[in-house]
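Engineer: Pasting a structure below so you can have a look.
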Amino acid sequence: MTTPPEVQLHESQKSQYRAMLAVALDEARMGHAEGGIPVGAALFTQDGKLISRGHNRRVQEDDPSVHGETDAFRRAGRQTSYRDLIMVTTLAPCWYCSGLVRQFRIGTLVVGESRNFQGGLDWLREHGIRVVDLDSQECVDLLTGYIEEHPEVWNEDIGELPESWPES
Ligand SMILES: [Zn+2]
């Protein structure tokens, strides 16, 4: 299956998505200030109404299941449909969170960056999720700094522990 082309955006939509990303980035910074992994996320309606926001709390709560996306998702409570919602996250989602996006058929996924981690972006595109990558330097820099300081926590978060995984 070939990957659909990148979504082309009008400037006005791009600036709306950037404003949404600013909320996720704010969450990422809050997480960082708490001593955690700086990944944040938020859920919005199409017209820009904030439903929920959250950040990775692996370190803070000793809970590997609390990623930025899952935190925002759980704080949104029950929603009848996710098709018209926008999940915004500072980093491309891991397999776990990509599964969440697909399982609940979240219509649009906006990511701050996919340079530090590509996650499931291609897989989501192949399955009809509208994926927008804003390639934000701020998001890249925040996480790059963290990975340099805490490579072991980062590897734990993405499930890449060299000693426990066979070479591919
Ligand atoms: Zn995740």
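Engineer: Taking every eigenvalue of the Cα gyration tensor of the chain, multiplying by 5 and rooting it, what semi-axes result, largest first, whole Å?
Structural biologist: 24, 18, 16
Engineer: Using alpha-carbon positions, what is the distance between the centroids of the range 80-142 and the range 20-64, in Å?
Structural biologist: Computed from Cα coordinates, the inter-centre distance equals 14 Å.
Engineer: Assuming R0 = 22 Å, what is the FRET efficiency of residue 62 and residue 152, from their Cβ-Cβ distance, to the nearest 0.05?
Structural biologist: Between residue 62 and residue 152 the formula returns 0.90.
Engineer: Per the helix-only calculation at 222 nm, which mean residue ellipticity applies to the chain, given -39500 (n - 2.57) for every DSSP H run of n ≥ 4 and division by its residues, nearest 500 deg cm²/dmol?
Structural biologist: -12000 deg cm²/dmol
Engineer: Can I ask one more? Residue 52's amide H: which non-local residues (gap 5+, or another chain) put their own amide H closer than 5 Å, with H modeled 1.01 Å from N in plane and none for Pro or chain starts?
Structural biologist: Excluding prolines and chain starts, which carry no amide H, the hits are 43.
Engineer: Follow-up. Within 10 Å, count the other beta carbons around each residue, average over each peptide in 28-41, 121-134, and list them highest first.
Structural biologist: 28-41, 121-134
Any read-out appearing in this document is the output of simple, stated calculations on the displayed coordinates, not a laboratory observation. Values in this document were obtained by computation on a predicted structure and should not be read as measured data. In this analysis, Cβ positions are derived from the backbone assuming ideal geometry, glycine residues included, and neighbour counts consider all displayed protein chains.
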